[in-house]
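The values are calculated or read from the model by the stated rules, or taken from the named source; none is laboratory data. This structure is a prediction, so every number in the text was calculated from the model and none was measured. FYI the Cβ positions are ideal-geometry reconstructions off the backbone, even for glycines, and counts take in every protein chain you see. These area figures cover heavy atoms from the full protein model, side chains too; ligands, DNA and RNA do not enter into them. Shrake-Rupley method; radii C 1.70, N 1.55, O 1.52, S 1.80 Å.
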Amino acid sequence: MGIEFSKRAVIRVIMDAMAGLDSLKDIYDKVEAMEEPTQPELVEVPPCADVFLNNGNKELNLAYLISCKRNFLSCEMREGELKQWLRNTSLHDLLSLANGYTVKKEQLYYVKVGIMAFMDWDDSFVAKMCTTDSTGWENMAAQLSLDKAEGVAVAIGGEAVPVEEKE
């Protein structure tokens, strides 16, 4: 298999040749001097963007995001995390999503009330709790997004505490 070059570099060499700026030897030397393209750096997207892109046809969803970015005032997307991310993302980064992307790992939270940690709601909507002084409580307690953790904290009178990543 031959060496693949970036389209931009090849077009630049061809345009120089067509304009008569380079001799054939100069063109050959430029092609020889070209480095193989490096893998493009992947854009990091929030989980909401990944969910949106993978809900149905990924290419159509990406085209919709690009269209919304270019015509932001006429975009019919609801206000929320995805629209906020779109507002703060460059068109260049959106276009590069076609080459792939990574998903930002979302910070998760426990909900604590004193030495107790929220696990789940039971059938009658009473909070199931575990004690934080027992071994393995981190595996039993619910790990929630900030919005959900804050909602549960308000409901049960607790506080949202960040989950610390283990090495």
Query raised in the report: Considering only residues of region 27-43 that are open to solvent by 100 Å² or more (accessible area, probe 1.4 Å) and modelled with pLDDT under 70, which is farthest from the chain's Cα centre (by Cα)?
Result: 28
Query raised in the report: Filtering region 116-127 down to residues that are loosely packed, with under 14 Cβ neighbours inside 10 Å and of a type outside the set (Gly, Ala, Ser), which residue is nearest to the chain's Cα centre (by Cα)?
Result: 120
Requested in this report: Would you check which residues across region 130-156 are of a type outside the set (Val, Ile, Thr), farther than 26 Å from residue 46 by Cβ and open to solvent by less than 60 Å² (accessible area, probe 1.4 Å) and list them?
Outcome: 130, 134, 136, 137
Query raised in the report: Condition test on residue 24, is it at pLDDT below 70 and surrounded by fewer than 11 Cβ atoms within 10 Å (Cβ to Cβ)?
Result: yes
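Scanning for something farther than 30 Å from residue 77 by Cα, at pLDDT 90 or above and among the aliphatic types (A, V, I, L, M), does region 94-114 turn up at least one residue? Don't jump to the end; show me each part of the working.
Of all residues in region 94-114, those farther than 30 Å from residue 77 by Cα come to 110-114.
Those left that are additionally at pLDDT 90 or above: 110-114.
Now narrow it down to the ones that are among the aliphatic types (A, V, I, L, M): 111, 113.
Yes, because at least one residue in region 94-114 is farther than 30 Å from residue 77 by Cα, at pLDDT 90 or above and among the aliphatic types (A, V, I, L, M).
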Report summary line: Selection from region 61-91 of residues exposed (fewer than 10 other Cβ atoms within 10 Å of the Cβ) and modelled with pLDDT of 85 or more yields 88
Query raised in the report: Filtering region 44-60 down to residues that are touching a residue at least 40 places away in the same chain (Cβ under 8 Å) and among the acidic types (Asp, Glu), which residue is surrounded by the fewest Cβ atoms within 10 Å (Cβ to Cβ)?
Result: 44
